[in-house]
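Colleague: Following this message is one structure expressed as structure tokens.
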Amino acid sequence: MDKRRILILGGTTEARDLAGRLAGRTDLAVTLSLAGRTVDPAPQPVPVRIGGFGGVPGLAAYLDEHAIELVIDATHPFARQISANARAASAAANIPLLRLERRGWEETEGDRWIRRTSIEEAVTALGVQPRRVFLAIGRQEARAFDAAPQHHYLVRSVDPVDPPMEAPSVEYLLARGPFAVEAEVDLLRQQRIDVIVSKNSGGDATYGKIVAARILGLPVILVERAASESGHHAETVEDAVRLTDHLLASFRKRGV
């Protein structure tokens, strides 16, 4: 039996979990693609390719060369460029695309959220007066906060911020989630944090800081996601598995 070839664009817990769910299927050949931005990525349950494709033309060429029949975009909710490339390349290759994107966090009683639509707006939202800021947005955009050098920053990321920030008062904390609520409360207290800056990434691994902020009554400047594009979407791995089978069956029926 010919195996149906699937490319998962990964880098998230959901991508790894989905790959694990599909790995044992004898009817599927699954490849997981990682951007290579994490120095020491977690082990994966299927064959992995690392690195970029070279934009839309490179990704479309890869899909054609490897006879991919379904692309699953399970990248981070804020990885907008690769998601845009996936939409364009799958359309060019005339194959289906499934977006697996976990649900964002929802504000509850006791939260003090300040919603913004970009990192630049989050920088401005910190205000003029010096504050102790817990910067939990990953390493790639941390340097945007050099534009507000009056604040003290505690920057947490999986890999080092390189080059480091230019602001005069910065501490770095290298850590990989999940983070327990109790530990987050202790961290915020010990560091005398005034405000948290976070992306609305969703999921459980980094939600602890949001709960800790609620417990301590701290404001959270939350960068919201862009509106989702139309197409096939799943919010859970279970939905993604179901839609994978549906899309592959439809693709075969079309005789493509």
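Colleague: What's the number of the condition ARG99 fails, among (1) open to solvent by less than 50 Å² (accessible area, probe 1.4 Å); (2) not in a strand (DSSP E or B)?
Modeller: Here ARG99 meets the rest and fails (2).
Colleague: For segment 84-96, how many residues meet the condition of being small (Gly, Ala, Ser) and open to solvent by less than 30 Å² (accessible area, probe 1.4 Å)?
Modeller: 3
Colleague: Tell me whether segment 107-114 contains one or more residues that are without any contact (Cβ under 8 Å) to a residue 12 or more places away in the chain and more than 20 Å from ILE6 (Cα to Cα).
Modeller: Checked against the condition, which is being without any contact (Cβ under 8 Å) to a residue 12 or more places away in the chain and more than 20 Å from ILE6 (Cα to Cα), segment 107-114 yields at least one hit.
Colleague: Something else: Which of the following residues is part of a loop (DSSP other than H, G, I, E, B), modelled with pLDDT under 95 and open to solvent by 20 Å² or more (accessible area, probe 1.4 Å): SER201, SER250, SER228?
Modeller: SER228
Colleague: If you scan segment 94-117, which residues turn out to be at pLDDT 95 or above, under 22 Å from the mean Cα position of the chain (by Cα) and of a type in the set (Lys, Arg)?
Modeller: ARG99, ARG115, ARG116 - these are the residues of segment 94-117 that are at pLDDT 95 or above, under 22 Å from the mean Cα position of the chain (by Cα) and of a type in the set (Lys, Arg).
Colleague: Identify, from the list ARG16, ARG37, ARG49, the residue that is at pLDDT 90 or above and within 14 Å of the chain's Cα centre (by Cα).
Modeller: So the residue among ARG16, ARG37, ARG49 that is at pLDDT 90 or above and within 14 Å of the chain's Cα centre (by Cα) is ARG16.
Colleague: Another question, then. Considering only residues of segment 138-154 that are touching a helix residue (DSSP H, G or I) at 6+ places or on another chain (Cβ under 7 Å) and either assigned to a loop (DSSP other than H, G, I, E, B) or more than 14 Å from GLU121 (Cα to Cα) (or both), which is most open to solvent (accessible area, probe 1.4 Å)?
Modeller: Top of the filtered list is GLU141.
Colleague: Do we have any residue at all in segment 170-185 that's open to solvent by less than 40 Å² (accessible area, probe 1.4 Å), free of Cβ contacts under 8 Å to residues at least 24 places away in the same chain and part of a loop (DSSP other than H, G, I, E, B)?
Modeller: Looking through segment 170-185, at least one residue is open to solvent by less than 40 Å² (accessible area, probe 1.4 Å), free of Cβ contacts under 8 Å to residues at least 24 places away in the same chain and part of a loop (DSSP other than H, G, I, E, B).
Colleague: Can you tell me which residues in segment 121-137 are in contact with a helix residue (DSSP H, G or I) (Cβ under 9 Å, 6 or more places away or on another chain) and assigned to a strand (DSSP E or B)?
Modeller: Matches in segment 121-137: VAL133, PHE134, LEU135, ALA136.
Colleague: Within segment 217-235, which residues are in contact with a helix residue (DSSP H, G or I) (Cβ under 6 Å, 6 or more places away or on another chain) and within 16 Å of THR108 (Cα to Cα)?
Modeller: Of everything in segment 217-235, those that are in contact with a helix residue (DSSP H, G or I) (Cβ under 6 Å, 6 or more places away or on another chain) and within 16 Å of THR108 (Cα to Cα) turn out to be VAL220, ILE221.
Colleague: Restricting attention to segment 110-122, and to residues there that are of a type in the set (A, V, I, L, M, F, W, C) and under 17 Å from LEU218 (Cα atoms), which single residue is surrounded by the fewest Cβ atoms within 10 Å (Cβ to Cβ)?
Modeller: If we take residues in segment 110-122 being of a type in the set (A, V, I, L, M, F, W, C) and under 17 Å from LEU218 (Cα atoms), then ILE114 is surrounded by the fewest Cβ atoms within 10 Å (Cβ to Cβ).
Colleague: While we're on this one: All but one of (1) open to solvent by 40 Å² or more (accessible area, probe 1.4 Å); (2) touching a Leu at 6+ places or on another chain (Cβ under 8 Å); (3) assigned to a helix (DSSP H, G or I) hold for GLN81; which doesn't?
Modeller: In the conditions (1) open to solvent by 40 Å² or more (accessible area, probe 1.4 Å); (2) touching a Leu at 6+ places or on another chain (Cβ under 8 Å); (3) assigned to a helix (DSSP H, G or I), GLN81 misses (2) alone.
The values are calculated or read from the model by the stated rules, or taken from the named source; none is laboratory data. In this text the structure is predicted, and so the values were computed from the model without any measurement. Here Cβ is always computed from backbone atoms with ideal geometry, including for glycine, and neighbour counts include all displayed protein chains. Please note that ligands, DNA and RNA were not included when accessible areas were found on the heavy atoms of the full protein model with its side chains. Shrake-Rupley method; radii C 1.70, N 1.55, O 1.52, S 1.80 Å.
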